[in-house]
Amino acid sequence: AVCILKGIKAARVKDSNGKMVEDYWGPAKTMMTDTQFLPSLQTYDKDNIPPAVVNKVRPYVNNPDMAQEVIKKASKAAYGLCCWVGAM
């Protein structure tokens with residue numbers, strides 16, 4: 001969801017069935033190693049998110065597996081990003 005909000009495109013990879021799917025893991029790792037990643041979150045223009053981006057993020061935000069309480073059990077860092085997405 002962070003990648004979507006920041007306009008980072010997914011990589012196209014084959015899933016276990018050989019079907020091409022969008023995968024954000026590689027682009028997300030690259031995004032998070034950028035020294036300007038945290039400042040970019042702090043200065044993100046939350047008041048001007050295009051409706052198309054909101055619609056694309058909505059399924060992630062509404063997914064019960066992505067609830068902040070669930071994410072917090074897995075990773076505090078992921079929990080922080082989840083909270084950021086929810087605040088946007």
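Quick notes on this one:
- Alpha-carbon centroid distance for the pair the range 6-22 / the range 26-88, whole angstrom: 19
- When 60, 79 are compared by accessible surface with a 1.4 Å probe, the order from highest to lowest is 60, 79.
- Shown for the chain: lysine pairs separated by 8 or more places, or found on different chains, whose C-alpha atoms are under 16 Å apart, numbering 6.
- Sequentially through the range 12-21, phi angles give Karplus couplings (6.51, -1.76, 1.60; θ = phi - 60°) of 9, 10, 7, 7, 5, 9, x, 7, 6, 9 Hz, Gly and Pro residues having no value and appearing as x.
- The chain, accessible surface, carbon-and-sulfur percent (1.4 angstrom probe): 56
- When the trypsin sites (Lys or Arg not before Pro) in the range 6-66 are filtered for DSSP coil states and for at most 11 other beta-carbon atoms within 10 Å of their beta-carbon, the remaining sites are 9, 19.
- The residues packed around residue 14, meaning those with a beta-carbon under 13 Å from its beta-carbon, carry a net charge of -1 if Lys and Arg are +1 and Asp and Glu are -1.
- Taken per residue, the accessible surface of the chain reaches 72 Å², heavy atoms only and a 1.4 Å probe.
The values are calculated or read from the model by the stated rules, or taken from the named source; none is laboratory data. Given the structure is predicted, the values throughout are model-derived calculations rather than measurements. Cβ coordinates were reconstructed from backbone atoms using ideal geometry, including for glycine residues, and neighbour counts include every protein chain displayed. Side chains included, ligands, DNA and RNA excluded: accessible areas come from the protein's heavy atoms. Shrake-Rupley method; radii C 1.70, N 1.55, O 1.52, S 1.80 Å.
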